Amino acid sequence: MATTSFLYHSLGLRGYRHLATRYEGGSLIHHVEMAEDKRRCKRCGAGASELILDGRFRRTFKALPVGSRRQLIVLHGHEQVCRRCGSKLREPILFADGSRRYLKCFESFVVDLCRIAPIKHVARFLGVSWTFVKDVFKKHLRRKLKKRSLKGVRYLAIDEFSIRKGHQYMTVILDLDTGRILHAAEGRGADAVIPFMWRLKAAGVHLQAVAMDMWPAYSLGVREVFKDVPIVHDPYHVVALANAAIDATRRDMYRDLRGQNRKVLKGTRFLLLTGGERLDYSALAHLERLEHLNRPLFQAYLLKEDLRRFWRCFDRQAAKKFLGAWIARALATRLKHIVHLAKSLRAHRNALLDYFDHRISTGPLEGLNNKIKVLKRQAYGFRDVEYFKLRLAFLHESTPSFAG
């Protein structure tokens, strides 16, 4: 049978006296009441000597299970009349918060289980509802997020990911030093970024640089608050734009060509988009045939490969010289998509060159995007957007085997 000491050490019931333990309906039910010397007036704090017990109440609370057996705590409480302040109130409940019907240790147990198992499995194991488990975990994450400090933030990465079909996106902002997602907001406009930038400003954060793609809305959002912070465009997105320009050029040529010339372009998409160092012997032979039969497309391919060397430049000055020469060569091709790419790079010249002062990128955020996709897929989508954002805020702590 349970004792007062057992309830104290196993369930954290400090200041309560064990009355009885019964086994009913597959559950262990412990009856307890507050120890006399622990009684206090909830209003004025008067001790037990100034309290009169006048009336009773009973409340049942969920406690930690013992194996597959549920445990319940039945509190035999009292109404207390205080001689000092004259109030008549129910005695305070020390082992549960507010009007909650579960012990504080039960809440901690739910949170621990949610870190390693799906919410539906935690709910089934504990014999509670899915909503109950989610709400407990959500409150825990909310409290934890409030304690997070923004001091010390130096480098940020901004990117978006799709949350559902129909071009609906969510913007996320990552602290590149710690790997934490600091902010998530629906949409991919400046209004998804600006409120967080003001939070950083209010916290006295001194940003050194922000990495992002060439989407202008993010630059506008950052510049609205931090006017002089360098914006860095990293290699991943620039090379992706170059690949898109190559692919669009190939498609245009394929539509315009006929006969044998068209056959030369057939099956070259993978060849043109793959880095030269990864091509095998047969691919190199195909590339050589392309050089002789379609020189403009081959020149576009060489420009794309040459652009990848830009980030290997030793310093900003060398990079500036390299970029200027590359843009001039690209404009000289007169290929529509390559010319458009060159003009885009020229318009974002400073953001490209800032990479050599702050060698940051959105690479860590691209890696987290895979975790986000796993989180969404395992959860079959999140209907509670706030809960989803809370899960994102702590995605860096562990790889989520289960999403809930």
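So what is the relative contact order for segment 1-117, in percent, with contacts set as C-alpha pairs under 8 Å and at least six apart? Taking the mean separation of contacting Cα pairs over the length of segment 1-117, I get 23 percent. Amide hydrogen proximity for LEU182: with H placed 1.01 Å from N in the peptide plane, the residues at 5 or more positions away or on another chain lying under 5 Å are ILE173, LEU174, ASP175.
I want the local charge near GLY25. Using Cβ-Cβ distances under 12 Å, sum +1 for each Lys or Arg and -1 for each Asp or Glu among the other residues. Once positives and negatives cancel, what remains is +2.
Taking Cα atoms only, the orientation of helix 336-347 departs from the longest principal axis of the chain by about 60 degrees. Each residue, HIS9 and GLU36, gets one label point 7 Å from its Cα in the Cβ direction; the gap between the two is 2.7 nm. Using a cutoff of 8 angstrom between alpha carbon atoms and counting only pairs six or more residues apart, the relative contact order for segment 62-213 works out to 15 percent. Between ALA285 and ALA48, residue separation times 0.36 nm minus the direct Cα-Cα distance comes to 76.0 nm. Using the beta-carbon distance between LEU220 and ASP97 and R0 = 35 Å, what value does 1/(1 + (r/R0)^6) give for FRET efficiency, to the nearest 0.05? FRET efficiency, LEU220 to ASP97: 0.20. Local charge for ASP54 was computed over the other residues whose Cβ lies under 10 Å away, with Lys and Arg +1 and Asp and Glu -1, and equals +1.
Ranked highest first by the average count of other Cβ atoms within 10 Å around their residues, in what order do 352-364, 96-108, 142-154 fall?
Going by the mean number of other Cβ atoms within 10 Å, highest first, we get 352-364, 96-108, 142-154.
The slack in the chain from ALA244 to ARG383, taken as 0.36 nm per residue of separation less the alpha-carbon distance, amounts to 46.6 nm. The calculated FRET efficiency for ARG346 paired with LYS165, based on their beta-carbon distance and R0 = 35 Å, is about 0.50. Listed as lacking a disulfide-compatible partner in the chain: CYS105, CYS114, CYS313, by the criterion of no other cysteine Cβ under 4.7 Å.
Greater than 27 Å separation of Cα atoms is the criterion. Which listed pairs, LYS304/LYS389; LYS138/LYS376; LYS38/LYS146, meet it?
LYS304/LYS389; LYS38/LYS146
Pairs of Cα atoms nearer than 8 Å and 6+ residues apart set the relative contact order; for the chain it is 13 percent.
Full extension of the chain between TYR236 and ARG22 yields a length gain of 70.6 nm, computed as 0.36 nm times the residue separation minus the alpha carbon distance. In this label model, ARG56 and ARG115 are separated by 4.1 nm, measuring between points 7 Å along each Cα→Cβ vector. Computing Cα extents along the principal axes in Å directly from the structure and comparing it against [x] 68, 56, 43; [y] 207, 52, 34; [z] 100, 46, 35 singles out [z].
Taking label positions 7 Å along the Cα-Cβ direction at both ARG84 and ARG269, the computed distance is 8.0 nm, reported to one decimal.
We did not get these values from a lab; they are worked out from the coordinates using the rules stated. These numbers come from a predicted model, not from an experiment. Neighbour counts are summed over all protein chains in view; Cβ atoms, including those assigned to glycine, are modelled from backbone coordinates with ideal geometry.
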